[in-house]
Every structure is written in structure tokens, then in C-alpha cells.
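See structure below.
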Amino acid sequence: MRLRRRESLAAYGFLSPWIVGFLVFMAGPMAASFVLSLTDYDVLTSTEFVGGNNYRELLSDSRVRTSMANTLIYTVLHVPLTMAVSLALALVLIRAGRRSAGIFRTIFYVPTVTPKVAVGVLFLLLFNGQVGLVGKVLGFAGVNGPDWTTDGPWIKPGLVLMSLWSLGSTVIIYLAALQNVPRDLYEAAEMDGASPWARFRAVTVPMISGSLFFTLIINTISGVQTFDEVYTAFYGSANQQTYGNDAALFYVVYLFQEAFQFLRMGYASALAWLLFLVIVVITLVQVRLSRRFVYYESE
């Protein structure tokens, strides 16, 4: 019993930095945010308890519906495209030599550490309808490209294309998964006369399905929380009048405006809890559906 108690104390001692960090920086702020969501709080005046008024206001706020719709449309476009392009690049890298694969792995990953504010500025430089590089390239090909930054229907597709700038981490995950696929499975399938597409569908995809599922969840959460690039490109002080457009009103952008522009901290906290619940529901649905297509070698 003494040894077991000593081991338990040692374990809690090693876990204590994480436990303290979680309580101070996660659980505590979340609890405070929920309390604030039940109040009318603007930082400058005294706090007034309003119960569920903020949540009732969410139901009638048209900008909540607009921002949520924009965010979900972006996420639905962003996640499959990011996964497909990342997997294609990983399949190319797996066929390259070890030295060249290492070089390209670094090249693909470096943009991931680029500040997202810089990515937002880069979006304006590349996709500006008048002087943007993308428009000029399309012009050389005889295509009259859209104005990605002001034409509402093209704003979200432009942001999705720009999001491919930082897919390096997903490429690395897929590359590691592909390297762990047993070669003898491919050899057996090839001996049975399976075509390259059949080997990819029957061997590669099932064997890396765990990584596909992981990146599906991570990229979905990231897409729903998109903020930095959108705010920099469309809602920065220099761009507000020129580029402001409800097509670029994403949910976290709206939450930020309510909290730090209008100082409606209570309402912004309610917005944050709604986003949390949406992420939880989406994740639970994905986990439930994963039982149909995710394969684990231990099973």
C-alpha cells in the first residue's frame, strides 16, 4: 500500500503542471465565460445579470445565422480539398528518394509557421481583382478572373484556395501514415492482379484511415475557428471600408466584433458557447460515423 501510494503521489506530481495549467488557463476561463454569458457586461460599467437573454438573442440575430452559414460553407469546401491535396502530395513524396523527400517535406511544412496575419495580407496581394497575381495569370491564359476580394460568391472559394498555403502539417501526417503501410500488402494485391486504383482503394485508404479521421477532425475544428486571415484581409482598419462584405463575415470574426469593438462581453461569451456546442456536435457525429470507415490494426 505504501509503494502504491508513493507511486500515485509521484504520478500526480508529474501531472501537476498540466492539471494546474488546465484549471487556470482552460477550466477557469471556460467557467468564467459561462457566467459572463448570463450577464450584460461591457467592461466599463457594472455587471447586470440577465439570465438567458443573451442566448435568446442568438436565436433572432440574423448576423449569427449569416456568420455561421459562411463559416460552415468555408469548412465544407476547405476540409475535403485540404485532405485531397495533402494526400496527393504525400503520395508523390512517398515515391521520391529519401533525400529529395526530406527536402520537399521541409518545403511543404515551412509555410505552416508563417504568421496568419501575413497570410491574410498575401491573400489581398494574390487575389486582388485589379492587380493580383492570380488574376494576371488567368489573364495570360485568356480567362477573365473574378474579383476575389469584393465579389461575394468568390470570397469564400478564394479563402479556401489560400488555405492550401498551410497544408504542410497534414501532408507530414499522411506521409508518416503511408510509410507505415506494410509493403507485403501491396505485393499481395499486385500478385492478385489489382490495378493501382484498386490497391489505393483497398489497401492504402483502409491502412491510413486513422490518420484521415484525425485530420478530418482537426481540420474541421480549425476551419470552424478561422479568424486571423479573414479579419486581416477584410476587417482590418485599412480594409474595412474597401473590402468589408458580409460574405466574409465568419463566426469568430463576428464574436470578436461583439467582444472587442462593441464591448458586449456577455453576448460574445454566449456566442463562444454556441460555437463550442457546434464543434462538440460535429465532432461527435464524425466519431460516430468513423466506426464505418476507420480501420485499426489492433482490431
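The values are calculated or read from the model by the stated rules, or taken from the named source; none is laboratory data. From a predicted model like this one, the values you see are computed outputs, not experimental measurements. Note that each Cβ is placed from the backbone with ideal geometry, even for glycine, and that neighbours are counted across all protein chains shown.
Structure data summary
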{"item": "The stretch 32-48 residues that are over 13 Å from residue 270 (Cβ atoms) and surrounded by fewer than 17 Cβ atoms within 10 Å (Cβ to Cβ), paired with ones that are modelled with pLDDT under 95 and not basic (Lys, Arg) (beta carbon under 6 Å, 6 or more apart)", "result": "42/263; 43/263; 47/39; 47/41; 48/40"}
{"item": "Test: residue 51 is on the phi > 0 side of the Ramachandran plot and surrounded by fewer than 14 Cβ atoms within 10 Å (Cβ to Cβ)", "result": "yes"}
{"item": "Residue check for residue 101: in contact with a helix residue (DSSP H, G or I) (Cβ under 8 Å, 6 or more places away or on another chain) and either at pLDDT 90 or above or of a type in the set (Gly, Ala, Ser) (or both)", "result": "yes"}
{"item": "Pairs with Cβ under 9 Å, 6+ apart, first in the stretch 270-299 and in contact (Cβ under 8 Å) with a residue 40 or more places away in the chain, second part of a loop (DSSP other than H, G, I, E, B) and exposed (fewer than 13 other Cβ atoms within 10 Å of the Cβ)", "result": "270/52"}
{"item": "Of the criteria (1) touching a residue at least 12 places away in the same chain (Cβ under 8 Å); (2) farther than 16 Å from residue 295 by Cβ; (3) of a type in the set (S, T, N, Q); (4) surrounded by fewer than 18 Cβ atoms within 10 Å (Cβ to Cβ), which one residue 195 fails", "result": "(1)"}
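Per-residue answers, yes or no, for (1) exposed (fewer than 12 other Cβ atoms within 10 Å of the Cβ); (2) within 23 Å of residue 231 (Cα to Cα):
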{"site": "105", "(1), (2)": "no, no"}
{"site": "112", "(1), (2)": "no, yes"}
{"site": "115", "(1), (2)": "yes, yes"}
{"site": "119", "(1), (2)": "no, yes"}
{"site": "128", "(1), (2)": "no, yes"}
{"site": "135", "(1), (2)": "no, yes"}
{"site": "143", "(1), (2)": "yes, no"}
{"site": "149", "(1), (2)": "no, yes"}
